[in-house]
Amino acid sequence: MNKAAQKEYAARRRQFMRMMGEGSIAILPASPERVRNRDVDYPYRVDSDFYYLSGFREPESVIVLMPGRDHGEFILFCREKDSEQEIWNGRRAGQEGAMADYGADDSFPISDIDDILPGLLEKCEKVYYAIGCDPEFDSHLLGWLKAIRRNVRSGARTPDEFVSLEHLLHDMRLFKSRYEVRQLQTAMDISVRAHKRAMRMCRPGMMEYEVEAELLYEFNRAGCGFAYPSIVGGGANGCILHYTNNRDELKDGDLLLIDAGAEYDCYAADITRTFPVNGRFSGEQKAVYEVVLEAQLAAIRATKPGAQWQDPHHMAVRTLADGISHLGILKGSADYLIETEKYRQLYMHRTGHWLGMDVHDVGDYKVGEEWRELEPGMVLTVEPGMYIAKDTPDVDERWWNIGIRIEDDVLVTNKGNKVLTHKMPKKVRDIEELMAE
Ligand code: GLY
Ligand code: MN
Ligand code: MN
């Protein structure tokens, strides 16, 4: 880990421990490895909370934070060095590496955790832990508490209070540091290159998975994987919100919707573009596209400090309903389409979500009964769409199979916002020009 990263992770732990207060302990397991089939595992991706506080990505590890502990506040349990195992499965940091490279004050082999953790727990009044996320680890924790109870007659004492760790930590994760914005920007720049490449390569007759391969090529050659399985949906498939099958042929005259983002250093990009397979929008496609684009620009303008979480969504819905009414896709005024919620036949999802280490990132959307106010440092997506599936009731068939979403990633700043994915073309003319290259 480089110096800048070490400093960043140490600062996060300091801030989190300040909020926890002395006399408390936080326990965070890395996510378990998961079997894909028989003896093949899924590629390992460490839990985001765990990574956020450590930058450590080995499985079978546990972070323990104890603010004010004399012998060190940050304890990392991890696998021991083992030359035999390392020949088969790769290098391990070991306890020395955990301290030298990852800033742990103390590190123990994970195999010793049952002997050590009860002793640490019984010194604390308050335990921060995400109960219910990892059932196997929950049962370990219960086992350690039982071990303490067995010793009550020798003066041992179980902690008074269990607190859900997520509220504190996820509120912290919602506000991105400068370092985090840089990591996100890298993920987004790589994703922009991938989307541009896919747009340039797309031709009628290609398969959706061939276009997906162009995206993955750019992700992989930048040392990244994907933040979520790519959606590459031509024609009718563009109207399926979570389409990831990507097995159909791309037809002349259809649109292609691509929703794809790279993951860089555990930070996600999330970009959607929709464009004509043959490089030229038809009249109907262009008309709907312009409405979605106008809705997206209106929602982005509403993304600023002091606005409520729902404001960009309301702006998008208003603009979409105006467009639907104006083009006559559905009958009735925009007010009517909104009041009756008829617009939801064509736009059935929300306009965005927090974005960070998880694509649908953590952080509360409401504070009490109120929608949250946007504040500088928050990153969110703005992604309105319109999905006119075949046989949509009351819609003329010339609009069928037009599925459009336009999604950018936006940082709330002091002055307003910054579209971090602005380098990805989205005007009709710019898309047609890029595809003609
Ligand atoms: N790619 C998932 C989403 O846009 O929410
Ligand atoms: Mn999204
Ligand atoms: Mn998306």
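The set of residues in segment 365-394 that are closer than 23 Å to A260 by Cα and surrounded by 20 or more Cβ atoms within 10 Å (Cβ to Cβ) comprises M378, V379, L380, T381, V382, E383, P384, G385, M386, Y387, I388. Within segment 116-161, restricting attention to residues that are surrounded by 13 or more Cβ atoms within 10 Å (Cβ to Cβ) and among the hydroxyl-bearing types (S, T, Y), the residue that is farthest from the chain's Cα centre (by Cα) is T158. When Q308 is tested against (1) surrounded by 19 or more Cβ atoms within 10 Å (Cβ to Cβ); (2) away from ligand 3 (no atom under 16 Å from the Cβ); (3) under 30 Å from the mean Cα position of the chain (by Cα), only condition (1) is not met.
Cβ-Cβ below 7 Å, separation at least six or inter-chain, first residue in segment 297-319 and farther than 18 Å from H349 by Cβ, second surrounded by fewer than 18 Cβ atoms within 10 Å (Cβ to Cβ) and among the aromatic types (F, W, Y): which pairs? Close Cβ pairs satisfying both conditions: Q308/W371. For segment 237-272, the tally of residues that are within 18 Å of the chain's Cα centre (by Cα), within 16 Å of ligand 2 (Cβ to nearest atom) and of a type outside the set (F, W, Y) stands at 14. The selection criterion, being more than 16 Å from ligand 1 (Cβ to nearest atom), in contact (Cβ under 8 Å) with a residue 40 or more places away in the chain and either in a strand (DSSP E or B) or among the acidic types (D, E) (or both), does not hold for E294.
Matching residues to (1) out of contact with any strand residue (DSSP E or B) (no Cβ under 8 Å at 6 or more places or on another chain); (2) of a type in the set (S, T, Y); (3) at pLDDT 95 or above; (4) crowded, with 19+ Cβ neighbours inside 10 Å:
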site: A187; (1), (2), (3), (4): no, no, yes, yes
site: M207; (1), (2), (3), (4): no, no, yes, no
site: F219; (1), (2), (3), (4): no, no, yes, yes
site: F226; (1), (2), (3), (4): no, no, yes, yes
site: N246; (1), (2), (3), (4): no, no, yes, yes
site: E284; (1), (2), (3), (4): no, no, yes, no
site: V288; (1), (2), (3), (4): no, no, yes, yes
site: A298; (1), (2), (3), (4): yes, no, yes, yes
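Among the residues of segment 335-364, the one identified as in contact (Cβ under 8 Å) with a residue 24 or more places away in the chain and loosely packed, with under 14 Cβ neighbours inside 10 Å is M348. Starting from residues that are assigned to a loop (DSSP other than H, G, I, E, B) and among the charged types (D, E, K, R), keep the ones in segment 256-291 and report whichever is farthest from M1 (Cα to Cα). Checking each candidate, the answer is R280.
The values are calculated or read from the model by the stated rules, or taken from the named source; none is laboratory data. Being a predicted model, the structure only gives us computed values, none of them experimental. Here Cβ is always computed from backbone atoms with ideal geometry, including for glycine, and neighbour counts include all displayed protein chains.
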